[in-house]
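A quick write-up on the structure given underneath.
The values are calculated or read from the model by the stated rules, or taken from the named source; none is laboratory data. Every value quoted in this text rests on a predicted model; they were computed, and no experiment measured them. Backbone-built Cβ (ideal geometry, glycine too); neighbour counts: all protein chains shown.
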Amino acid sequence: MSKRKVKETHMPVGECISQVQMILRERFCHQRLPEKPVGMESQHKHLLELLRRTAVHGESNSVLIVGPRGSGKTMLLNCVLRELLEVKDVNKNVLPVHLNGLLQTDDRIALKEITRQLNLENVVGDKVFGSFAENLAFLLEALKKGDRSSSRPVLFILDEFDLFAHHKNQTLLYNLLDVSQSAQAPVAVIGLTCRLDVLELLEKRVKSRFSHRQIHLLSSLSFIQYLDNVRSQLSLPQDFPDTNFYDEWNDDQSVVDVLQRHYNSSKDFRSLHLLLMLALSRVSASKPAIKPTDLLEASRVCMVDSKANILHGLSILELCLIIAMKHLNDIYEGEPFNFQMVHNEFKKFLQRKSHSIHNFDKPVVIKAFEHLQQLELIKSMDSSTAKIQKEYQLMKLLLDHSQIMEALQKYPQCPTDVKQWAIVPVLET
Amino acid sequence: MMEQCSYPSIFIYGHRATGKSHVIHTLLKELELPYATVSCVECVSVGLLFEQVLLPLFGSDSASLLSRSPSLSDFVRVYKQLCVQASAKQTRYIVLDRAELLRDMEANLLPAFLRLQELVEDNVTVILLSEIVWDKFRPNTGCFEPLLLHFPDYSKGELQQILSEDSHPSYSPELYSAFINILLGVFYSVCRDLRELRHLAALNFSKFIEPLEQGKVKESDTHKLWRNIEPHLKKAMQTVYLREVSSVQWEQQLQMEEKEAGAVRGLSAHAHVELPYYSKFLLIAAYLASYNPARTDKRFFLKHHGKIKNTNFLKKNEKPPPQISSLGTLQLLNQVGHDDQLDAPKYKCAVSLDFILAISRTVSFDMVKYLYDFL
């Protein structure tokens, strides 16, 4: 016991804090893989088994990993790959090829990327191929080891798989899956996508070559498990010499409420990391621990309505125009309006009920209206703007009733007659 | 945090002139972090965007590695290559100003930049600045959600403070503050954009201190100064604020006021459109034809001779007079109906009532008598 205590070194607070920041940031900014993915044991086993069969036994396979954004598809795959490459002879043989639907927007670009990642650029040289299939066959042929008859196993990892389905004729997908079905070379095609309906995007001939093996990552954490996760995310590893953070806020009810709210809106880790990142950024040498107030503040920043923030910064004239539009929406039940109608409604208010708003010229009001259009708080209904004069173009308001009323409450120094007008419209007499 | 990881993407939003790019750039410069800043307005093609990102981060020969019209795949590959040669422990920052324009470029650009850290496997953070809220950026199938930060707008007091810092060297700051107070009193309910207000302050200060220079009033006579400047500020709202006259014209106007005691000439755009005589009549005729119901035409025009025609006024092989097409180019008339009806084109008048009344006054034609809505 005492020996261990002597081993503990006490670092100065500043360095301690930077160590803590480094560890936690690596975790929250997704730069380091966790030791073991949480809550995905069966999927992990399944995928590992599949890839091992390709890498070691030369069996061709195809699989799709499907899950919403932030559910951990790439993380799962990377964990499995890490474990796979630890086996010695796998490491020497297997060739991973990473393709991304966002980057390789064309089959031609994809083929060049495959050539590059397999380090076969010299071999291909200036050869011209008749078709995609020929090219791919040539590449796989070139991977054959010296005296052996079978080529090295290749793992094709297709990120944003659904984007590949939008290419012309889906040639890349067709050819890759064709290779995985025929006995040409041991190939594993792993697709990652966020669309649950990805199979509907595939053509019939592509779909038939796919093995229809799907791994779903639908998070099934209960709230208690979620809390445990939060705790483990914020705790420091065992070999860290100094502090432990979480004891303080563990039992605080307000923190549990905040986390409950986050859990209700999204269970995935990504939004949790965002929240914790905001809380972490307040930690510094002068404030060494994460306090419950930090978490509350971070939550408030995450949950705020951005449009309300924008409404806060509008001028009074622009706010009056928005209130006029709200009344028009109430009267005409959401039918589109044009600038003239809004202006008339505004003038009704000015003539009868206003004491504080000056009667502005029409061009000034038009400028305010155009500013609202630039902020995309109102939108024109049709895209052709040339034919109709701008005062008569039909527009739609992109805010709803409650957002406007809430913004009015928070608006600084709002004149009372404007507030009254928002609640009670000026009626025709 | 310099040697440590940073969140892959940050989205900063707020009104114009709330200090977003200013604060970011000042921070990056003071902390001496490696960064590249690009304004998306300048990037008409993606190649320009990529070049402007690579040049500040990796030096001047880095852009030559990109091909002529690079794709995003090329950019990521080149970036990875350059990273290997020049690896840095510090986080690199890429600042994209006016990021709302990224939505109109290629569809893969925005999602790729949000997760650039993952794609290039380097410690890089992308900061997006915009005045439009994040909800309007999100692509259909979702993307990597950035950290959202809001830059709040300035309150009236804060605006007063900031604007007062521009004070003129030969006058006291209290005088300038009083001027700013008056300016805000006129403009604050219409416009809260710091840049516009600074511009207006700069243009009008000379007029404000005119009575002081002429020795008519003392500095402490704020009431008299206010009385002098207020009508000018109101006129500025109708003209310079709306950009109907340029700033140079406005300054000349302010100086000319001294000599011309009579009525102020209308500075609006209407006075600047000079049309030939017949074109004016054609325009008036077009307005009447467009806005009066067809059945009332007879009532108005039975006794009138043929200067005023109906929209379908062409005889079989006649070409429309060239004045019509020039009015069309000036966007005073809009063509309605299909383009293939070449021998009987239909037009519609596209001017407002004020404009046409002004025109008709110049030809001494009493338009109001002929307008159905005014009977």
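Tabulated data for the structure shown
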| item | result |
| --- | --- |
| Conditions (1) β-branched (Val, Ile, Thr); (2) touching a Phe, Trp or Tyr at 6+ places or on another chain (Cβ under 8 Å); (3) farther than 29 Å from residue A:312 by Cα; (4) within 14 Å of another protein chain (Cβ to nearest Cβ): number failed by residue B:239 | (3) |
| Tally of residues being free of Cβ contacts under 8 Å to residues at least 60 places away in the same chain, in contact with a helix residue (DSSP H, G or I) (Cβ under 7 Å, 6 or more places away or on another chain) and more than 26 Å from residue B:23 (Cβ to Cβ) across the stretch B:82-111 | 4 |
| Exclusive hit being surrounded by 15 or more Cβ atoms within 10 Å (Cβ to Cβ), more than 7 Å from chain A (Cβ to nearest Cβ) and under 19 Å from residue B:20 (Cα atoms), set B:129, B:147 | B:129 |
| Some residue of the stretch A:26-49 being under 20 Å from the mean Cα position of the chain (by Cα), basic (Lys, Arg) and surrounded by 16 or more Cβ atoms within 10 Å (Cβ to Cβ) | yes |
| Residue among A:350, A:328, A:317 that alone is within 14 Å of chain B (Cβ to nearest Cβ), over 36 Å from the mean Cα position of the chain (by Cα) and crowded, with 19+ Cβ neighbours inside 10 Å | A:317 |
| Candidate set from the stretch B:346-369 (those that are surrounded by 19 or more Cβ atoms within 10 Å (Cβ to Cβ), of a type in the set (A, V, I, L, M, F, W, C) and in contact (Cβ under 8 Å) with a residue 24 or more places away in the chain); member that is farthest from the other protein chains (Cβ to nearest Cβ) | B:359 |
| Residue A:123 being closer than 30 Å to residue B:74 by Cβ, part of a loop (DSSP other than H, G, I, E, B) and among the aliphatic types (A, V, I, L, M) | no |
| Some residue of the stretch A:241-257 being within 30 Å of residue A:355 (Cβ to Cβ), buried (at least 16 other Cβ atoms within 10 Å of the Cβ) and either at pLDDT below 80 or touching a Ser or Thr at 6+ places or on another chain (Cβ under 8 Å) (or both) | no |
| Filtered residues of the stretch B:132-144 (kept if under 21 Å from residue A:375 (Cβ atoms) and either facing chain A (nearest Cβ under 9 Å) or assigned to a helix (DSSP H, G or I) (or both)) | B:132, B:133, B:134, B:135, B:136 |
| Checklist (1) in a helix (DSSP H, G or I); (2) within 12 Å of chain B (Cβ to nearest Cβ) applied to residue A:379, failing item | (1) |
| Residue ID - nearest to residue A:129 (Cα to Cα), chosen from residues in the stretch A:105-116 that are surrounded by 16 or more Cβ atoms within 10 Å (Cβ to Cβ), in contact (Cβ under 8 Å) with a residue 12 or more places away in the chain and charged (D, E, K, R) | A:107 |
| Residue in the stretch A:384-394 that is surrounded by fewer than 14 Cβ atoms within 10 Å (Cβ to Cβ), more than 12 Å from chain B (Cβ to nearest Cβ) and touching a residue at least 40 places away in the same chain (Cβ under 8 Å) present | no |
| Enumeration of residues in the stretch B:150-177 that are assigned to a loop (DSSP other than H, G, I, E, B), more than 10 Å from chain A (Cβ to nearest Cβ) and either crowded, with 17+ Cβ neighbours inside 10 Å or over 26 Å from the mean Cα position of the chain (by Cα) (or both) | B:167, B:168, B:169, B:170, B:171, B:172 |
| Unique match (being more than 14 Å from every other protein chain (Cβ to nearest Cβ) and buried (at least 20 other Cβ atoms within 10 Å of the Cβ)) among A:102, A:76, A:95 | A:76 |
| Residue within the stretch B:162-177 that is touching a residue at least 40 places away in the same chain (Cβ under 8 Å) and of a type in the set (A, V, I, L, M) present | yes |
| Among residues of the stretch B:65-108, those that are more than 11 Å from chain A (Cβ to nearest Cβ), hydrophobic (A, V, I, L, M, F, W, C) and not in a loop (DSSP other than H, G, I, E, B), counted | 11 |
| Hits in the stretch B:21-52 - residues which are part of a helix (DSSP H, G or I) and touching a helix residue (DSSP H, G or I) at 6+ places or on another chain (Cβ under 8 Å) | B:40, B:41, B:42, B:46, B:48, B:49, B:50, B:51, B:52 |
| Positions within the stretch B:1-43 being among the hydroxyl-bearing types (Ser, Thr, Tyr) and within 14 Å of another protein chain (Cβ to nearest Cβ), in sequence order | B:6, B:7, B:9, B:13, B:18 |
| Breaking point among (1) part of a loop (DSSP other than H, G, I, E, B); (2) within 30 Å of residue B:99 (Cα to Cα), for residue A:359 | (2) |
| First in the stretch B:17-43 and at positive phi, second anywhere and surrounded by fewer than 18 Cβ atoms within 10 Å (Cβ to Cβ) and not in a loop (DSSP other than H, G, I, E, B), Cβ under 6 Å, 6 or more apart | B:17/B:195 |
| Flag if residue B:206 is out of contact with any Ser or Thr (no Cβ under 8 Å at 6 or more places or on another chain) and in contact (Cβ under 8 Å) with a residue 60 or more places away in the chain | no |
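Listed here are the residues, each with its yes/no results for (1) more than 29 Å from residue A:195 (Cα to Cα); (2) modelled with pLDDT of 90 or more; (3) of a type in the set (S, T, N, Q).
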residue	(1), (2), (3)
B:60	yes, no, yes
B:63	yes, no, no
B:112	no, yes, no
B:127	no, yes, no
B:143	no, no, no
B:152	yes, no, no
B:155	yes, no, yes
